[in-house]
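**Student:** Please find one structure pasted underneath; my questions will follow.
The values are calculated or read from the model by the stated rules, or taken from the named source; none is laboratory data. Here the structure is a predicted model, which means the values were calculated and not measured. Note that each Cβ is placed from the backbone with ideal geometry, even for glycine, and that neighbours are counted across all protein chains shown. Ligands, DNA and RNA are stripped out before the accessible areas are found, and what is left, the full protein with its side chains, is counted by its heavy atoms. Shrake-Rupley method; radii C 1.70, N 1.55, O 1.52, S 1.80 Å.
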Amino acid sequence: MATTHSTVQDVEMTQTIHDDLAKRALLPCEHVVDAGYITPAHIERAARVHGITLLGPVVPDHSHRAKAGSGFAKSAFPINWDHQQATCPQGVVSREWRPLRISGHDYIQVKIAMADCLACPVRSQCTTSATRPRALALLPTRELHEIQMRNRLDQATEQWQHRYAIRAGIEATLSQYVRVHGLRRSRYRGLVKTHVQHVLTAPACNIARVADWLDAEPRTRRRATRFRTLCSATV
């Protein structure tokens, strides 16, 4: 259990979780997470530092071309990292490759030359801008870019979705923590005392679930109504 301030994002804790597990010699071979805990950088670090396969959905391409499934999304542009160039679907090579900073994160901006882009016969399938050329924002290294592209393709397949389905049961566990054991509300003030509550709540939930699993009498999904109970007793 890790207790943080409310302003700490989930994705900030992925590396911390792996480092803490490594100290306790409890690292998994595969770590299945939701979209809040995964980025291409985390996938790369988990494999390089700890030998972990980090499995989860990376952020999809949110451009309108990718969502519509028509036109030329970023994946339609082959990238030549050695020559720092991108090639558009019409065979035109980019003319600009420079660092870019967006919301505190590093990217590489690639642009097609203005003259080439404005004269393109299929420009409407590539960009909606009337005056500017098509530009791409790439992750800062080849490895991260390839991880992003590969995972976006993989997670759309039935095989990947079947593999990721193993995580489905965790949602019921999270619901039990919140609804039954009150994990969303702190009984104490301060991060340290709240962490004690979290640490005690976790084994309490585990014990309750083990007790249910060992219960000799299987429980029905629905509790019988009073009317049904009376009818059964009468018969």
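**Student:** Looking only at strands (runs of 3 or more DSSP E) that fall completely inside the stretch 64-176, which ones have 2 or more residues that are not hydrophobic (A, V, I, L, M, F, W, C)?
**Tutor:** The strands (runs of 3 or more DSSP E) meeting that bar are 96-102, 105-111.
**Student:** What number goes with the only condition from (1) modelled with pLDDT under 95; (2) surrounded by fewer than 14 Cβ atoms within 10 Å (Cβ to Cβ); (3) not charged (D, E, K, R) that Gln84 does not pass?
**Tutor:** Against the list (1) modelled with pLDDT under 95; (2) surrounded by fewer than 14 Cβ atoms within 10 Å (Cβ to Cβ); (3) not charged (D, E, K, R), Gln84 comes up short only on (1).
**Student:** So, Val59, is that one at pLDDT 95 or above and either open to solvent by 70 Å² or more (accessible area, probe 1.4 Å) or of a type in the set (Val, Ile, Thr) (or both) or not?
**Tutor:** Criteria not met by Val59.
**Student:** Right, here's the next one. Restricting the search to the stretch 1-51, which residues are surrounded by fewer than 17 Cβ atoms within 10 Å (Cβ to Cβ), in a helix (DSSP H, G or I) and polar (S, T, N, Q)?
**Tutor:** Gln15, Thr16
**Student:** Cβ contacts < 6 Å: first residue under 30 Å from Glu143 (Cα atoms), restricted to the stretch 104-131; second residue open to solvent by 80 Å² or more (accessible area, probe 1.4 Å), any location; separation 6+ or different chain. Result?
**Tutor:** Gln109/Arg98; Ala113/Arg95
**Student:** Further question: Please tell me if Ile43 is touching a Leu at 6+ places or on another chain (Cβ under 7 Å) and touching a residue at least 60 places away in the same chain (Cβ under 8 Å).
**Tutor:** yes
**Student:** Could you please find all residues in the stretch 130-179 being polar (S, T, N, Q), under 18 Å from Ala66 (Cβ atoms) and surrounded by 12 or more Cβ atoms within 10 Å (Cβ to Cβ)?
**Tutor:** Once the filter is applied, which keeps residues that are polar (S, T, N, Q), under 18 Å from Ala66 (Cβ atoms) and surrounded by 12 or more Cβ atoms within 10 Å (Cβ to Cβ), the stretch 130-179 yields Gln148, Asn151, Gln155.
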